[in-house]
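The values are calculated or read from the model by the stated rules, or taken from the named source; none is laboratory data. If you're wondering where the values come from, they're calculated on a predicted model, not measured in any experiment. Cβ sites come from the backbone with ideal geometry, for glycine too, and all protein chains shown count toward neighbours. Surface areas here come from the heavy atoms of the whole protein model, side chains and all, with no ligands, DNA or RNA. Shrake-Rupley method; radii C 1.70, N 1.55, O 1.52, S 1.80 Å.
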Amino acid sequence: MNIFESITSAAHSVLSNRMRSILTMLGIIIGISAVIMITSIGQGMQNTMNEYFAEFGAGTLIVNMRQNAANPATRRDMLTIESMEFLSNHPDVSVVSGGSWSNARVQLRNPTETTSLFIIGTDENYRQAQNVDVRFGRFLASIDNERAAPVIVIDSTLAREIFGRTDVVGETIRVTFWSGTIDFNVIGVYRNADPMAGMFGMSTEAYIPISYFQRLFNRDNVVDQVLVIASDLNRLDETAEEITRLLHLFHGNEDRYQVTTIMQQIDMLNNILFMVTGFVVLVALISLAVGGIGVMNIMLVTVTERTREIGIRKSLGATNGNILFQFLVEAMILTASGGIIGIFLGYYGGFVLGGFMDLTPAVNIPTVVFTVLASSLIGIISGVYPAYKAAKLDPIVALRYE
């Protein structure tokens, strides 16, 4: 029996038991499609977040309070409007903005329907610090904070959900907080470029004057976070250290504040995303290994079912190598077919899932190559023992098998 005949016989054997072959390939298909889908979504998510945060500018510094359960912060330690004004005097600081936030609900077109909203109380500098792209109307101005006006800037998606259009400057929306319901006048609509909202269905952001926010929640000038744009990118680390030192000096405390750069935020998120993706891929690889065990199990059953056939072939001159090769080819056909289907489903499944998450998946070619090689390797490994067992059958015993 030549190589071509062995391959033809192996393919015929696989096709003659279509349902069993499909069920055998299922583990391989699920494993490979999951690996490709997860890695493409993870890479797409990483690319989207990197682009989003890069828009903030490399010179943005983020100031937060350190969490210390053993030594809770007092009112004196809190970041305040005065803290921001103090930092704005630093020669290497060009812009300072602050923000506080709260969850809320907003009424939609249907009076019985509401959706979640992430309210940020801030000032006119926040637009530059966060690169808010206002499409209609304007962003918050200093006069809005001076008057503590009940005005709001919403995103185009929310505008469409409430009014059915995006240019809604001058309209009124009703926002419900835990403390009560407030009517806000819409002064601006911005383009929502936050990838996290699309990926996980998170609440969209809306901006109101920080003075009104503090009056509403009795915050007494306290802010949750301060954003600083450094003017000298070459001294970014030094500026971060100086801001930390100045805040401790201003508030008369120590080890209370943490200043990070946008790049540090990106690295931290990428590391988290890498670990989560890696863990899920590991689970998918376990599924792939289970699929390989399934292939081995079916091949052993096949050897048992075809014991008499093996005896006949050996009596007609087939060598151990011919038998070994034929069963190896059968295992590889099963895993290779499952691999091809898995690659197809993983590739297009990534785009389907990405559509629901509002991101573009990035198919990693090395990952595809790896899954193809893994599929082939699993086919060889899972077929070795059954093929060896078939090749070693005594033809006399095989011919007597019923």
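A compact table of results
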{"item": "Filter pass, Glu85 being open to solvent by 20 Å² or more (accessible area, probe 1.4 Å), among the acidic types (Asp, Glu) and without any contact (Cβ under 8 Å) to a residue 12 or more places away in the chain", "result": "yes"}
{"item": "Verdict on Leu233 being open to solvent by 20 Å² or more (accessible area, probe 1.4 Å), among the hydrophobic types (A, V, I, L, M, F, W, C) and at pLDDT 80 or above", "result": "no"}
{"item": "Enumeration of residues in the range 316-327 that are open to solvent by less than 40 Å² (accessible area, probe 1.4 Å) and over 17 Å from Arg20 (Cβ atoms)", "result": "Ala318, Asn322, Ile323, Gln326"}
{"item": "Count of residues meeting criterion [in a strand (DSSP E or B) and open to solvent by 60 Å² or more (accessible area, probe 1.4 Å)] in the range 96-136", "result": "7"}
{"item": "Members of the range 299-312 found to be modelled with pLDDT under 70 and among the basic types (Lys, Arg), listed by number", "result": "Arg306"}
{"item": "Pairs, first in a loop (DSSP other than H, G, I, E, B) in the range 243-260, second of a type in the set (Gly, Ala, Ser), C-beta under 7 Å, six or more apart", "result": "Arg256/Ala73"}
{"item": "Which numbered condition Leu300 fails, given (1) aliphatic (A, V, I, L, M); (2) in contact with a Gly (Cβ under 8 Å, 6 or more places away or on another chain); (3) within 30 Å of Ser16 (Cβ to Cβ)", "result": "(2)"}
{"item": "Residue count, the range 342-385 (criterion: among the hydrophobic types (A, V, I, L, M, F, W, C) and either open to solvent by less than 60 Å² (accessible area, probe 1.4 Å) or not in a helix (DSSP H, G or I) (or both))", "result": "8"}
